[in-house]
Every structure is written in C-alpha cells, then in structure tokens.
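Notes follow once the structure below has been shown.
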Amino acid sequence: MNTDELEHAEYQAERKVLKIQTKLHCWARDDPHRRFDDLFNLVADPAFLLVAWDRVRGNKGARTAGVDGRTARSVEAGQGVEDFLDGLRSQVKDRSFQPLPVRERMIPKTGGRLRRLGIATVTDRVVQASLKLVLEPIFEAEFLPCSYGFRPNRRAHDAVAEVRHMASRSYEWIVEGDIKACFDEISHPALMDRVRRRVGDKRVLALVKAFLKAGILGEDRVLRETRAGTPQGSILSPLMSNVALSVLDEHIAQAPGGPGVSASERAKRRRKGLPNYRLIRYADDWCLVVSGTKADAEALREEIAGVLSPMGLRLSPEKTLITHIDGGLDFLGWRIQRHRKRGTSKQYVYTYPARKAVQAVTGKVRTLCRQMDTSQPLDALLRQLNPALKGWCVYFRPGVSSAAFGYLSFYTWQQVGRWLRRKHRRSSWKDLRHRYYKGGVWWPASEERSLFNPAKVGTTRYRYRGTKIPTPWPVTG
C-alpha cells in the first residue's frame, strides 16, 4: 500500500469510526443504565485498528520503544503497516493477543522525587488506542461537567476558569486536593466494577484487565506484578483513571449542597448555615470550592477521603490544604488569588503563572544554556529555546501574565548573553552586538531566526464555558 492509498484508507476509516462512535455515545446518553454486550468486534475492526495506528504513529512517544525494542518507524520500515495490522487483528480476533509488560522509566518531579512512567510496546499501544476509541464515547456520556482532564474538547484552562468563576461568586473556601500516588494505587477490582456498569462484553473486560495486570519491567530489569494502579503513560490509563475518579464527581453531584441544587435551595441552605460546594477536577488534581466556613471545608475534606477509600485511594495529609481565596492557591500551574484592583477599592479574582511554574521555565532556560556546547552556533541554542518559550507562553497567555512574560524575557536575554560571552571570551560586548544583535535591536538573533521574545506575547481572557462543552460526536435532538 503506497502513501496515497494509506492516506485515503485512513480518511475512510476516520469517517467510519466517527459514525460508530456517535451511535455509541447517543445510545449511552439516551439510556444511562444500558450495558454494551457486543464491543469486541469493534476493537478488532480494521477501521478502528487503522485509526488507532494513526494516533499511535502521530504521538510524540512513537519514537520510544517498549520492552520489544520496536518503534512505529521500525514497523513501517520492516514489516509494513498493512501486514502489521492484519497480523494484530488476527491475534485480537482469535484471542491469542497478550499484552507485554510496560518498560519502566523514572522521570524527575519537583522536590527531587521521581514519577514512574510505563512505556508499552507499539503493538499494545495500538490495541489500547482501539479500545479507547470504543470505550471513550460510552463513558463520556456519563462523565460529569466538573471533570476536565484528558477528555475531548476540554482543557486545563476550563478548570482554572471555573475555579475563578466560582471563587468570584461567594465560593471562597477551597479544599486543594492531592491524591497520593493516584495512578499507582487504584484498586483493580473496584475499577473493573465501575467498567462493568457500562460494559457487558466479557472479551473486552478481559482485555482491559489484561492491560491492568501486564506487569512492569523495571529499570533494574526486574519484572514486577501490577496488583493495583494503571501505568501512567499508557494510552488507556487516563480514561481508566477518569472512570475510577468519577466516583468522586458523582458523590459531589448528588450531595445536598452540590451543583444539582437549585438557586433557591442554595440560598435556603446558606440561611440555615449549611454549605454549598462545587468540585473542579483535572485528572487527579482537584479543588472543592465551598460557600461556607472553614469548618465546612474541613468536614468535606474528611467526607471525600471516605469516598475515595473504596477505590484504594488516599488523600495526602501534607498536600491536601484548605485555603481562602484571599490567600490564594496554586492549581494546574496557575496562581488563583483575590486582589484589590490597582487604583480602586474593588477586589477581583486574578489568575497568573504560579511561582513554581515561572521557576520551572527559567530552570529549563538555564539548563539549556548550560548544556549547549559553546562550539555550537547560536542557531542551535535558539532551536531548543524557542519551542520551550512559545509553549509556556501559549499555556499562560489567557491570564494576567504580562509581568511574568516580561521577567522571562529579561531572564532569557540575560542567559543567552552569558552563553555568548562564554562562546567568545575575547570579544567585547560591542563586537557581540555587531555580530548577534542586528538591525539596531538589542535582541539576539542568528541568520535563520531570532530569540523568541515572551514580552511581546499579548495576553487574553479565557472565558468560562459553563457546563455545556460540546463533545466530538455530533448529536442532534
């Protein structure tokens, strides 16, 4: 199959998958108690596997090999995509497919700690992606609006905008939730019970369980069983974690002071001294905003700990904090805090980059400038700096970020200048300016590109989209 034929086949497969996903989503939405009993054939369907392959190949992790040493590129160059998918489909259909252990990779976190990533084989990733294509539209029909992480058409900015929106409307006490090792400790039996509420096909359930139990090949080359958790980094893991954590969403939604209460009932509760509250969750990061007292927030924190316990999850006592909006909180890289507007006596809730986020990006700039060998041209350094700076500014653009952008601009300019001084130790600043700061502008540039300037990025306001964020599946009626 040549490139044009493959692209046409992928286009046709995308259309077929979207059509079937839309049906699954509508059926699940229209009947909240429906269990789907014949999904296995869809997982092994050629169109679903082809779309799954396209998603895996287009992912940044496609260049990373699992325990078998194969990458997406090696599959294309060796066996060929068509033969690879045909063989995989046969294995899935006759149920001889068995997932291999994920390859452990420890990556650094803030505070010197490490996070475990599990890198699956390319074959396992394709089957997981196909499973996700089938299961996601079903579970999306019952996921609640308070959940934003790893869901289609939803993003971190929506979660931050909701916290800001609610904090501006009397929900001033906030429980900042931190679930201890969430991806590592989810109870498999409890998770599978929640999956069974919607999926009755035993073959699909067996496939999901096989991925959960596949094991981890550690960096020390020791194979370990996975008796709990979903390997962080796998394609299926975000969906499974949302299925598990939806127990918290549902508890808050059905609670007397939750979002399902009418405005008049909320007012009546406040007159009686009872709290109202809303949950905002992005994967395992969540906030509970409370219209009440600090004591109400403390009681709700204990209640939530009891809700998560049957799923095998625990709150971190040190990191689960209760704060007032005047004191501010850090959430998804943002600082959310109420301040007095300059020149007035009015107070507003502002969102801007948290100090940790600024320290992280300046640390990355410093590391890139120190690691880049001075024998390399300036353009080699700019090729690494510019994407990092652009990505950070794009994420923090919808907020009060001008001061942070200005500081980042000066810091980067300073670090690049120091790198140039190390590169040309015998040159004066005047010589460096003639060579690298051209056009009368005191800003470094190579022949091909200029250093990205964060100070020139304009800020915007991200509008709160409410509870009616559309799904990718067109639904009428």
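The values are calculated or read from the model by the stated rules, or taken from the named source; none is laboratory data. Note that this is a predicted model, so its numbers are computed, not measured. With ideal geometry, Cβ positions are generated from the backbone for all residues, glycine too; neighbour counts draw on all protein chains shown. The protein model used for the area step is the full one, side chains on, heavy atoms only, and it has no ligands, DNA or RNA in it. Shrake-Rupley method; radii C 1.70, N 1.55, O 1.52, S 1.80 Å.
Show me the strands (runs of 3 or more DSSP E) found entirely inside region 238-353 where at least 3 residues are farther than 19 Å from residue 175 by Cβ.
Numbers: elements: 276-282, 285-291, 321-324, 329-331, 334-340, 347-353.
Filter on region 238-353 gives 347-353.
Anything in region 81-102 that is more than 24 Å from residue 209 (Cβ to Cβ), open to solvent by less than 80 Å² (accessible area, probe 1.4 Å) and without any contact (Cβ under 8 Å) to a residue 40 or more places away in the chain? List them, or say none.
If the condition is that a residue be more than 24 Å from residue 209 (Cβ to Cβ), open to solvent by less than 80 Å² (accessible area, probe 1.4 Å) and without any contact (Cβ under 8 Å) to a residue 40 or more places away in the chain, then 84 is the only one that fits.
Mind listing whichever residues of region 272-320 are open to solvent by less than 60 Å² (accessible area, probe 1.4 Å), among the hydroxyl-bearing types (Ser, Thr, Tyr) and farther than 16 Å from residue 244 by Cα?
If the condition is that a residue be open to solvent by less than 60 Å² (accessible area, probe 1.4 Å), among the hydroxyl-bearing types (Ser, Thr, Tyr) and farther than 16 Å from residue 244 by Cα, then 277, 291, 316, 320 are the ones that fit.
Does residue 7 satisfy being open to solvent by 60 Å² or more (accessible area, probe 1.4 Å), in a helix (DSSP H, G or I), more than 30 Å from residue 115 (Cβ to Cβ) and without any contact (Cβ under 8 Å) to a residue 40 or more places away in the chain? Break it down stepwise before answering.
On the way: open to solvent by 60 Å² or more (accessible area, probe 1.4 Å): yes; in a helix (DSSP H, G or I): yes; more than 30 Å from residue 115 (Cβ to Cβ): yes; without any contact (Cβ under 8 Å) to a residue 40 or more places away in the chain: yes.
Judged against the criteria, residue 7 is a match.
For residue 246, only one of the following conditions fails: (1) farther than 21 Å from residue 164 by Cβ; (2) among the small types (Gly, Ala, Ser); (3) at pLDDT below 95. What is its number?
Among (1) farther than 21 Å from residue 164 by Cβ; (2) among the small types (Gly, Ala, Ser); (3) at pLDDT below 95, the lone unmet condition for residue 246 is (3).
Return only the number of the condition from (1) farther than 28 Å from residue 101 by Cβ; (2) of a type in the set (D, E, K, R); (3) assigned to a loop (DSSP other than H, G, I, E, B) that residue 221 does not satisfy.
(1)
Search region 448-462 for residues being closer than 20 Å to residue 380 by Cβ and touching a Pro at 6+ places or on another chain (Cβ under 9 Å), and hand back the single one that is least open to solvent (accessible area, probe 1.4 Å).
Of the residues in region 448-462, the ones closer than 20 Å to residue 380 by Cβ are 448-453.
Checking which are touching a Pro at 6+ places or on another chain (Cβ under 9 Å) leaves us with 450-452.
Numbers: 450: 66, 451: 5, 452: 44 Å².
So, considering only residues that are closer than 20 Å to residue 380 by Cβ and touching a Pro at 6+ places or on another chain (Cβ under 9 Å), the one least open to solvent (accessible area, probe 1.4 Å) is 451.
Do the conditions hold for residue 144, that is, is it in a loop (DSSP other than H, G, I, E, B) and at pLDDT 95 or above?
Values: in a loop (DSSP other than H, G, I, E, B): yes; at pLDDT 95 or above: yes.
Here the answer is yes, as residue 144 does meet what is asked.
Output the residues belonging to region 328-356 that are touching a residue at least 40 places away in the same chain (Cβ under 8 Å) and among the aliphatic types (A, V, I, L, M).
329, 332, 336, 349
Considering each residue of region 10-25, count those that are open to solvent by 30 Å² or more (accessible area, probe 1.4 Å) and either closer than 14 Å to residue 140 by Cα or touching a residue at least 12 places away in the same chain (Cβ under 8 Å) (or both), and give that number. Outline the logic, then answer.
Filtering region 10-25 for residues open to solvent by 30 Å² or more (accessible area, probe 1.4 Å) gives 11-12, 14-16, 18-20, 23.
Those left that are additionally either closer than 14 Å to residue 140 by Cα or touching a residue at least 12 places away in the same chain (Cβ under 8 Å) (or both): 12, 14, 16, 18, 20, 23.
Count: 6.
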